[in-house]
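A short write-up of the structure that comes next.
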Amino acid sequence: MEGVAISCSTLSSTSCFRTSWSVYKAPRGLPILGKSLCRRSFGIKAEVNYVNAEAAKKLIAVEEYTVLDVRDKSQFDRAHIKSCKHVPLFIENKDNDIGTIVNRTLHNNFSGLFYGLPFTKPNPEFVQSVKSQFSPEKKLLVVCQEGLRSAAAANKLEAAGFQNIACITSGLQSVKPGTFDTVGSTELQDAGKAGLVQVQGKISAVLGTVLICAFLFITFFPDQAEKLLQMAPSG
């Protein structure tokens, strides 16, 4: 036999095959062409891990996850988890074109007035800002107030190559007081409350307390309550 061409197959981390040529020499120096099968590399898509607040606390304490807060600055300033990183998914829209001015005015007179929400736009530097602070292997717990922005942010980071991402289901509004060490003037679950809705809530609480006290007074002290009613001026 002059020589035998051997086909070799090498396996790398790929999903589709490519063919490459190798040259083997027979004992008498005659070159023989052979094929080697290789595989191209493929990326394994990471899945976002959605957890409740207690499980999130364990991720931070045991698995050393870093908290990435993606809320706007106003909610972040009201309350945030201690030592977290802040990269907002949306930023305040201060553009001065006619369309933006009209939309901002409408927003400020309705949603902004009643709910204290700033007029925002997507942060074009969000992914790049996160990349500048963390490697793709970094374990990140992405949080927002209701859970929607954190899910959107996690999808963006996943597409950018981040491999270890978790989110709190339903957001920080579901976190009970005392679960995390926090910084700010209110509890995490209340950081999304502002504007007239918050004032209305306080007024309703006061009126409710007054009505309950009046009911109890009339129930347990009917005679005194009747005398007070008689003292009230009649129309």
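Can you check what the net charge comes to around Thr120, using other residues whose Cβ is under 12 Å from the Cβ of Thr120 (Lys, Arg +1; Asp, Glu -1)? That sum, taken over residues with Cβ under 12 Å, equals +3. For the pair Thr186 and Ser135, label points projected 7 Å from Cα toward Cβ lie 3.9 nm apart.
Here the Karplus curve 6.51 cos²θ - 1.76 cosθ + 1.60, taken at θ = phi - 60°, turns the phi angles of segment 78-85 into couplings of 5, 6, 8, 6, 4, 6, 7, 9 Hz, with x standing for Gly and Pro. Summing Lys and Arg as +1 and Asp and Glu as -1 over all other residues whose Cβ lies under 9 Å from the Cβ of Ile81 gives a net charge of -1. Near Asp69: Cβ cut-off under 12 Å, other residues only, Lys/Arg at +1 and Asp/Glu at -1. The net charge is +4.
The numbers here are math on the coordinates, done by the rules we state, and not lab data. All figures in this text were calculated on a predicted structure; none of them were measured in a lab. As a convention, Cβ positions derive from the backbone with ideal geometry for all residues, glycine included, and neighbour counts pool all protein chains shown.
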